[in-house]
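Report on one structure; see the data block that follows.
The values are calculated or read from the model by the stated rules, or taken from the named source; none is laboratory data. Computed from a prediction, not measured in an experiment: that's the story for all the values here. Reconstructed Cβ throughout: ideal geometry from the backbone, glycine too, with neighbour counts over all protein chains shown. These accessible areas exclude ligands, DNA and RNA; they are computed on the full protein's heavy atoms, side chains included. Shrake-Rupley method; radii C 1.70, N 1.55, O 1.52, S 1.80 Å.
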Amino acid sequence: MADPSTYRPKTGEIPESPGVYRFRDSSGRVIYVGKAKSLRQRLNSYFADIASLHPRTQTMVTTAAGVEWTTVTTEVEALQLEYAWIKEFDPRFNVKYRDDKSYPYLAVTMGEAYPRVQVMRGAKRKGTRYFGPYAHAWAIRETVDLLLRVFPVRTCSAGVFRRAGQVGRPCLLGYIDKCSAPCVGRVSEEEHRELAEDFCDFMAGQTQRFVRRIEQQMKAAASELEYERAARLRDDLQALRRALEKSAVVLPDGTDADVFGLSEDDLEAAVQVFHVRDGRVRGQRGWVVEKVEDVTTADLVEQLLLQVYGDVGGDGVPREVLVPVEPPDRVEIEELLSEQRGSRVVVRVPQRGDKRSLAETIGRNAGQALTLHKTRRAGDLTTRSKALAEIQDALGLPEAPLRIECYDVSNIQGTHVVASMVVFEDGLPRKSEYRRFTVRGVDGQDDVASIHEVITRRFRRYLEDKENAGLDLGDGGADDDLAGGVPGADGGLQVPQPRDEAEERRRGAASPIDPDTGRPRRFAYSPNLVVVDGGPPQVAAAARAMAELGIDDVALCGLAKRLEEVWVPADDDPLVLPRTSEGLYLLQRVRDEAHRFAITHHRQKRSKAMTVSVLDEVPGLGPARKKALLRAFGSVKRLRVASAEEIASVQGIGPSVAAAVVAALGEQTAEPAVDMATGEIID
């Protein structure tokens with residue numbers, strides 16, 4: 001691991017002009033490429049106090065052994081050079097977009113003497129026009145089959161084309177008029193190229209021009225009594241319209257745009273794009289990207305646009321590019337795309353109307369794609385086994401942690417403090433084992449003390465259940481069939497009163513099954529690994545709680561969200577797992593699930609607290625009677641001035657309850673109540 005100060009260039013040596021820079025490792029490989037409006041300001045930021053850098057940036061600068069740069073005259077040139085270098089060197093610390101599948105394209109090889117229409121996958125070739133991508137290859141073949149009636153372009157391979165020219169006889173498509181047969185000289189090279197260009201124009205969205213032309217030709221043939229030719233043109237027109245029907249209309253006619261949607265979390269992002277030509281969806285494409293560098297949503301969008309349009313020809317760039325977030329160098333991106341297209345290109349965020357609705361739909365598609373990607377990754381047995389093995393090796397455990405419990409604390413400024421416990425067995429969540437805690441012994445916002453209380457309560461209950469069951473439960477492997485119980489009514493964990501030994505034997509307590517409920521005891525098994533959401537303070541608090549109870553056979557670690565570092569007790573330095581580690585991915589999933597579960601519980605308690613009423617404290621007054629009183633009197637203010645006899649006249653309210661209501665309201669001050677959710681004064 002290199003010290004950045006050893007290769008830091010002198011400030012005066014770095015120009016202030018725009019440019020592109022490259023970090024290289026000790027072997028000379030390029031590990032990161034970036035651009036800057038001012039090279040001096042940007043590069044100096046990498047050599048500031050290393051503790052102030054983002055953890056991913058820290059890893060990059062300590063891996064590098066040198067930095068070099070190239071100045072350019074404009075920021076547009078910087079964009080172009082950055083993309084070219086990323087494509088050439090494939091740096092490990094730059095964001096890489098990977099297609100979530102291999103998409104087929106409809107390709108027209110305009111670089112050949114006799115252009116050919118075909119299905120293509122993989123890298124794009126120079127001199128070939130691409131349309132799509134399509135979801136399925138058969139969709140391309142159906143479209144081509146319809147259009148060959150009107151645009152009989154060559155579709156055969158080079159070998160078939162050459163053989164037909166040698167024998168002087170075209171293939172079957174030439175005989176059924178779905179190929180103009182340039183192989184045998186039925187049309188010239190120029191005429192065939194004109195057909196191919198018309199085919200490309202139709203696929204690019206210029207559809208109405210050809211529809212109107214065929215309609216005029218059909219009417220002219222009918223007026224000249226050439227009914228057979230008019231019938232053929234009618235069939236051609238129907239073929240064009242059927243081809244158009246295969247594309248969904250999503251925007252008004254004439255709209256030429258690419259619409260992007262994005263969904264992301266701290267580790268990955270999914271991107272979807274709909275290619276809309278002449279108001280119709282001509283193709284769809286998706287990527288999943290790992291955030292290997294410190295990157296914002298706007299930066300993701302900028303890098304995405306460079307990748308999507310870096311290799312396409314001018315006809316592949318639409319008039320509008322609709323994105324979820326405006327890129328930081330929007331003006332330069334527009335200049336670059338306009339230069340490629342040969343006319344003005346606008347990059348913007350849709351604000352209203354059909355375009356906004358379509359962008360939201362594509363964003364939901366991206367969210368589903370990200371969820372599917374994570375589900376497939378988490379559901380694979382081999383991947384889960386690898387993740388558990390990596391955690392075992394990283395923490396030095398004697399066996400893989402088949403049962404993992406994670407704890408998180410949630411509160412707002414020390415109010416409604418709650419905690420969650422989630423359980424993963426064999427790398428999968430076991431939601432029946434989840435538990436919620438209401439933290440009672442901590443005043444204010446103190447996550448460290450809260451973690452200590454929660455861990456203490458959880459393992460104290462484990463020891464009590466273990467003692468009462470009369471079993472040596474060991475470390476509680478994940479193979480035990482433990483169905484979950486129900487938390488206490490107050491959200492906390494109720495500690496049962498111990499019974500004497502004779503009563504326990506009579507009740508059959510020598511089992512992890514509770515004889516009172518018929519359910520497994522809620523904390524009869526201990527985990528192999530405890531994970532807390534936090535860094536060294538939280539880990540130390542959990543370790544102290546476990547040591548106080550004598551728990552020495554359960555591994556412990558913490559995962560700090562900001563740095564994604566794994567902390568273990570009594571270690572001054574964290575464990576840094578590789579970004580591609582399946583073990584780190586599993587720990588992050590466990591941590592994020594605990595956070596989600598804690599937040600859900602906290603919101604429920606906060607919502608309940610916002611709807612409290614002075615009537616809640618009246619004994620014998622349940623929800624139905626409260627509704628009846630408020631329906632009769634209209635508000636608590638009017639109820640406050642009512643007599644006991646008036647209250648008792650309400651159906652369902654007896655004299656004793658009426659007296660209790662008068663007594664409770666009489667103790668309250670006349671100050672107005674405030675709705676904590678809206679700030680409104682409540683009568």
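Annotations for the structure displayed:
- Taking all protein chains into account, the per residue accessible area for the stretch 321-380 stands at 53 Å² (1.4 Å probe).
- Among the listed pairs LYS87/LYS355; LYS126/LYS355; LYS37/LYS87; LYS291/LYS374; LYS291/LYS431; LYS35/LYS124, those beyond 23 Å (Cα-Cα): LYS87/LYS355; LYS126/LYS355; LYS291/LYS431; LYS35/LYS124
- Stretching ARG169 away from GLN651 to a fully extended chain increases their span by 163.6 nm, per 0.36 nm per residue minus the current alpha-carbon distance.
- Take the Cβ atoms of LYS126 and ARG234, set R0 to 56 Å, and the FRET efficiency comes out at 0.90.
- Ordered from largest to smallest accessible area (heavy atoms of protein chains, 1.4 Å probe), the residues VAL641, VAL448 come out as VAL641, VAL448.
- Reducing the stretch 16-42 and the stretch 104-125 to their Cα centroids gives an inter-centroid distance of 36 Å.
- Here the accessible area is traced with a 1.4 Å probe on the protein chains. For the stretch 112-221, carbon and sulfur cover 50 percent of it.
- The simple spin-label model puts a point 7 Å past each Cα toward its Cβ; for GLU197 and ASP90 those points are separated by 3.9 nm.
- Per-residue extension of 0.36 nm, minus the Cα-Cα distance of GLN351 and GLN284, leaves a gain of 21.9 nm for this segment.
- Packing around the peptides 342-355, 452-465, taken as the average count of other Cβ atoms within 10 Å per residue, puts them in this order, highest first: 452-465, 342-355.
- Pairwise FRET efficiency - THR600 versus ASP393, Cβ, R0 = 25 Å, nearest 0.05: 0.15
- Dipole size of the stretch 1-112 about its Cα centre, with +1 on Lys/Arg Cβ and -1 on Asp/Glu Cβ: approximately 260 debye, rounded to the nearest 20.
- Proximity of backbone amide H atoms, modeled 1.01 Å from N, is registered between ALA36 and GLY19 at under 5 Å, excluding neighbours fewer than 5 places apart on the same chain.
- The stretch 253-359, accessible surface, carbon-and-sulfur percent (1.4 angstrom probe): 42 percent
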